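> First the structure, which I've put down as structure tokens, then a few questions once you've had a look.
Please treat every number below as a calculation from the coordinates, not as lab data. Computed from a predicted structure; not experimentally measured. We place every Cβ from the backbone using ideal geometry, glycine too, and count neighbours over all the protein chains shown.
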Amino acid sequence: MPFAQPWTEAPAHQLPRTTAAYYWSTRASFSPSNWTLDLVVRFNGEIVGVQGFHAQDYLVVRTGETGSWLGLAHQGRGIGTLMRQAICVLLFDHLDAVEITSAAFLDNPASLAVSRKVGYVDNGTFREQRRPGELARSRKLLLKPDRFVRPEHPVRVDGAAPLRAAVGLDK
Ligand SMILES: CC(C)(COP(=O)(O)OP(=O)(O)OC[C@H]1O[C@@H](n2cnc3c(N)ncnc32)[C@H](O)[C@@H]1OP(=O)(O)O)[C@@H](O)C(=O)NCCC(=O)NCCS
């Protein structure tokens, strides 16, 4: 259970509904002052996971936090690195981001490795509750454009103009 919100603890029969409800809620509450962009990840046409970004007061702070997951069968094949690089290209090159943050439990080596490979630097550790009554330690991570390790192949971005308008960057 690698998430700040223990959503994967839900019984299997409830998970589809609660997962959909979460994504519906982020769409319904999307506004320039507080938005979450969850982008579906496809590999060879198959939906394999989600790469997200959450921002509060973005027009002022120009930063926010990435978050992601891949289905178990799709982990450990480099997809997580590529999708993180892709959203960082979108944020730095098309949405005027100045910094991007992330966080991961210290016992989540795959997520920490992706952050390191993409150029994020350590930004301190903190203590938080993982499951009810369970203490966990997490690492904050910070990426600035000059440290960003771009993907080997160029990323093509479609749909940036309406997104810029939706988050308040353009009229
Ligand atoms: C985190 C996640 C998105 C990463 O995606 P991924 O496709 O598995 O990651 P990649 O294959 O691109 O890279 C993983 C890196 O972690 C490394 N890694 C994985 N397990 C490791 C371990 N136990 N010890 C050390 N390194 C490890 C891999 O070696 C790889 O680095 P390398 O390419 O230098 O060899 C994916 O694993 C996932 O969905 N995990 C569950 C959900 C999650 O943790 N989300 C993030 C919450 S903060």
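> Any residue at all in the stretch 45-56 that's in a loop (DSSP other than H, G, I, E, B), within 17 Å of the chain's Cα centre (by Cα) and of a type outside the set (S, T, N, Q)? Before the answer, list the steps.
We begin by selecting, within the stretch 45-56, every residue in a loop (DSSP other than H, G, I, E, B); these are 45.
In the following step, the residues that additionally are within 17 Å of the chain's Cα centre (by Cα) were identified as none.
No, the conditions are met nowhere in the stretch 45-56.
> How many of the residues making up the stretch 64-93 are of a type in the set (Lys, Arg) and either more than 7 Å from the ligand (Cβ to nearest atom) or touching a helix residue (DSSP H, G or I) at 6+ places or on another chain (Cβ under 8 Å) (or both)? Before you say what the answer is, go through the steps one by one.
Taking the stretch 64-93 first, the residues of a type in the set (Lys, Arg) are 77, 84.
Filter again for either more than 7 Å from the ligand (Cβ to nearest atom) or touching a helix residue (DSSP H, G or I) at 6+ places or on another chain (Cβ under 8 Å) (or both), leaving 84.
Adding up the residues that qualify gives 1.
> Now a separate question. One residue is enough: does the stretch 117-136 have a residue meeting the conditions of a type in the set (Ser, Thr, Tyr), without any contact (Cβ under 8 Å) to a residue 40 or more places away in the chain and either within 10 Å of the ligand (Cβ to nearest atom) or in contact with a His (Cβ under 7 Å, 6 or more places away or on another chain) (or both)?
Restricting attention to the stretch 117-136, the residues satisfying the condition of being of a type in the set (Ser, Thr, Tyr) are 120, 125.
Keeping just the survivors that are without any contact (Cβ under 8 Å) to a residue 40 or more places away in the chain gives 120, 125.
Those left that are additionally either within 10 Å of the ligand (Cβ to nearest atom) or in contact with a His (Cβ under 7 Å, 6 or more places away or on another chain) (or both): none.
Taking every residue of the stretch 117-136 in turn, none turns out to be of a type in the set (Ser, Thr, Tyr), without any contact (Cβ under 8 Å) to a residue 40 or more places away in the chain and either within 10 Å of the ligand (Cβ to nearest atom) or in contact with a His (Cβ under 7 Å, 6 or more places away or on another chain) (or both).
> Whether any residue in the stretch 14-30 is small (Gly, Ala, Ser), assigned to a strand (DSSP E or B) and out of contact with any helix residue (DSSP H, G or I) (no Cβ under 8 Å at 6 or more places or on another chain) is what I want to check. Working first, answer last.
As a first pass, look at the stretch 14-30 and keep what is small (Gly, Ala, Ser): 20-21, 25, 28-29.
When the remaining residues are screened for being assigned to a strand (DSSP E or B), the result is none.
No - not one qualifying residue is present in the stretch 14-30.
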